[in-house]
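Read through the structure below, which is laid out as structure tokens, and then see the notes.
The values are calculated or read from the model by the stated rules, or taken from the named source; none is laboratory data. These numbers were taken from a predicted model, which means no experiment stands behind them. Every residue, glycine as well, gets a Cβ built from its backbone with ideal geometry; the counts of neighbours run over all protein chains shown.
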Amino acid sequence: MDFDTTVADEAAAYLRSVTPARSAATADLDSPEQGECLRCYVDRMVGSHGCDTSLRFTRRWLECSSYANPARLLRWFESSGGYCDCEVLMNVLPDHWPLRPTGAEP
């Protein structure tokens, strides 16, 4: 990270560029779909399972994406008002956030 780049910039760039990888053999309904962005995945999971006031779906997406420093990103989410999955949707990743990795089809 250079001195002109903030943690928010780094997080935004990462979220736009990463695609959680999974094989058909390990796929399940609660795993991110191929090319599914963090916001789309968390929205889908909270919609079907509800929010339990934790970051369980956000953490699951980060695990599937093999993000190098998830603790740092989670701290940034919390500092931005994202203490649980529904708050990540409302406060950290609003509708105008880039939803798909760069170059991914809608």
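Yes or no: S48 among the polar types (S, T, N, Q), within 17 Å of L93 (Cβ to Cβ) and modelled with pLDDT of 90 or more? Can you show your working first?
Working: among the polar types (S, T, N, Q): yes; within 17 Å of L93 (Cβ to Cβ): no; modelled with pLDDT of 90 or more: yes.
When the stated conditions are applied, S48 does not pass them.
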Practice problem: Would you mind telling me which numbered condition in (1) in a helix (DSSP H, G or I); (2) among the charged types (D, E, K, R); (3) modelled with pLDDT of 90 or more E63 fails? | Solution: (3)
Quiz prompt | Output for region 37-60, where each listed residue is more than 16 Å from A11 (Cα to Cα) and part of a loop (DSSP other than H, G, I, E, B) | solution = G50, C51, D52, T53, S54, L55
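If we scan region 77-87, do we find a residue that is polar (S, T, N, Q), over 16 Å from V7 (Cα atoms) and either free of Cβ contacts under 8 Å to residues at least 60 places away in the same chain or assigned to a loop (DSSP other than H, G, I, E, B) (or both)?
In the first step, residues of region 77-87 are kept if they are polar (S, T, N, Q); the result is 79-80.
Going one step further and asking which of them are over 16 Å from V7 (Cα atoms), we end up with none.
The answer is no, given that none of the residues of region 77-87 is polar (S, T, N, Q), over 16 Å from V7 (Cα atoms) and either free of Cβ contacts under 8 Å to residues at least 60 places away in the same chain or assigned to a loop (DSSP other than H, G, I, E, B) (or both).
Checking the condition among the small types (G, A, S), surrounded by 16 or more Cβ atoms within 10 Å (Cβ to Cβ) and at pLDDT below 90, which residue from A24, A11 passes?
Values: A24 fails: surrounded by 16 or more Cβ atoms within 10 Å (Cβ to Cβ).
Just a single option satisfies the conditions, and that option is A11.
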